[in-house]
Amino acid sequence: MMNTNIHTADKYPILSVEQAQAHILSYFHPLEAEEVSALEALGRVLAEDVYAEADIPPHDNSAMDGYAVRYQDLQGAARPRLRIIGELPAGRVWPGTVGPGEALRIMTGAPMPAGADTVVRFEDTRVEGEEVTILAVPKRGSNVRLAGEDVRAGKRVLRQGQVVRPQEVGMLASLGRPKVRVHRKPRVAVLATGDELLSIDAPPEPGKIRNINSYSNAAQVLECGGEPLLLEAAPDREDTLAQRLRRALELKADLIVTSGGVSVGDFDLVKKVLSSEGHIDFWWVNMKPGRPMAFGTLGGVPLLALPGNPVAAMISFYLFGRPAVRKMLGHTEGWNLPAITARLAEAITRKDNRRHYLRVTLEQTPDGPVARLTGDQGSGILTSMVEADGLAVIPEDCHELPAGSAVQVLLLS
Ligand code: AMP
Ligand code: MG
């Protein structure tokens, strides 16, 4: 840890959000490639350049339903008349040649027949028996899509590091690539700690509360593209905690995310177990909610120990877990939540010098988005997250913000 940091009385350094992020991210790199189907590649990051082996489209073809003709036959007469030699649907090849004075009925997408260079739309023709009259003479080459006009053979069409969207999936199909290489999804072990935790389906018990964090953190892992491994919550006992962490290693987690047990209470054992079993740094991150946090490695696997309060655990995951997952997925940008600027609906005052993340709703107004607090901002008030569209970021040195002030708002999808 840098010795320029301020230290609290209990000797743990106080880090800014950016310092903590930078330290954490230095542990992560894009994971190795795996082959997935074109459709499964959606949202993933390409681990290879993709080249076109052939022209797309592979042949000149008609862009309209009409008549394939020789442009030179349309010169001279005001309303040229041509003899219809047949009909060509998409998917077939005309075996012959369109000769002088001839026209071939052709459907959109059908390959241009030899001899013809122009297509006259049906709308510009009139048919009488075996003959078609051209009512409006188009330019040479009209309504013909040329071979390779979308993609030329040999061209690099998709680039390593690119995020696959539906259009890239379509391009893979166009290239005839059923499989493509993308960065593997990180496996993220999610472990909640606390004697008080009750599983989602257990009957209520005196003194107990439901385990929220396993679910919200696992959902966040899924949301940012990772693969959560849900571990059974650990009571506040060193041996059980150590056993759960070993399980995470057996499951080959790329990242372990714990919640709870990292503050200064009598039963905050995560710190203790981690420092005896692995290497760990403890910090106070200068933010609210969420402050005590630990990061380190256990059996070579990075471990992020989030605070226990459900809102603090979620916000800390967004700030420190999400970027790690996104980096492992191969993303080179967009590690953090997307942000917009909004105006505050009400004045905000506060006394400390921490960075605050306030839960806000966003309302679109003619003057741009307006952010309004979602009520009680306590770090155990999950409702404040449920109602929120975003997290308004109040910088460390801002003590008074009048209504209408511009603030950055991180968007919760
Ligand atoms: P701790 O940091 O372990 O002292 O936890 C801080 C607060 O968060 C306590 O009130 C805990 O009961 C609560 N808490 C910790 N973990 C969870 C969890 N997984 N689900 C819901 N509340 C939790
Ligand atoms: Mg606890």
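The values are calculated or read from the model by the stated rules, or taken from the named source; none is laboratory data. Values in this document were obtained by computation on a predicted structure and should not be read as measured data. Positions of Cβ are generated from backbone atoms using ideal geometry, with glycine treated the same way; all protein chains shown enter the neighbour counts. The protein model used for the area step is the full one, side chains on, heavy atoms only, and it has no ligands, DNA or RNA in it. Shrake-Rupley method; radii C 1.70, N 1.55, O 1.52, S 1.80 Å.
Overview of results
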read-out	value
Members of the range 366-406 found to be open to solvent by 50 Å² or more (accessible area, probe 1.4 Å), closer than 20 Å to Asp352 by Cβ and not in a loop (DSSP other than H, G, I, E, B), listed by number	Leu373, Glu400
Residues located in the range 347-363, provided they are more than 17 Å from Val285 (Cα to Cα) and in contact with a Pro (Cβ under 9 Å, 6 or more places away or on another chain)	Ala347, Ile348, Leu362, Glu363
Single residue of the range 217-236 satisfying the filter (in a loop (DSSP other than H, G, I, E, B) and open to solvent by 20 Å² or more (accessible area, probe 1.4 Å)) that is nearest to ligand 2 (Cβ to nearest atom)	Asp236
Out of Asp201, Asp239, Asp195, sole residue that is of a type in the set (Asp, Glu), within 16 Å of ligand 2 (Cβ to nearest atom) and loosely packed, with under 15 Cβ neighbours inside 10 Å	Asp195
Any chance Gly66 is without any contact (Cβ under 8 Å) to a residue 24 or more places away in the chain and in the same structural domain as Phe122 (by TED's automatic domain parsing)	no
Filtered residue count, the range 315-362, keeping only those that are open to solvent by 10 Å² or more (accessible area, probe 1.4 Å) and either within 16 Å of ligand 2 (Cβ to nearest atom) or among the β-branched types (Val, Ile, Thr) (or both)	6
Near pairs, Cβ below 8 angstrom, 6+ apart or cross-chain, from the range 372-389 (farther than 10 Å from Pro310 by Cβ) to any residue that is away from ligand 1 (no atom under 16 Å from the Cβ) and open to solvent by 80 Å² or more (accessible area, probe 1.4 Å)	Arg372/Glu363; Thr374/Glu387; Gly375/Glu387
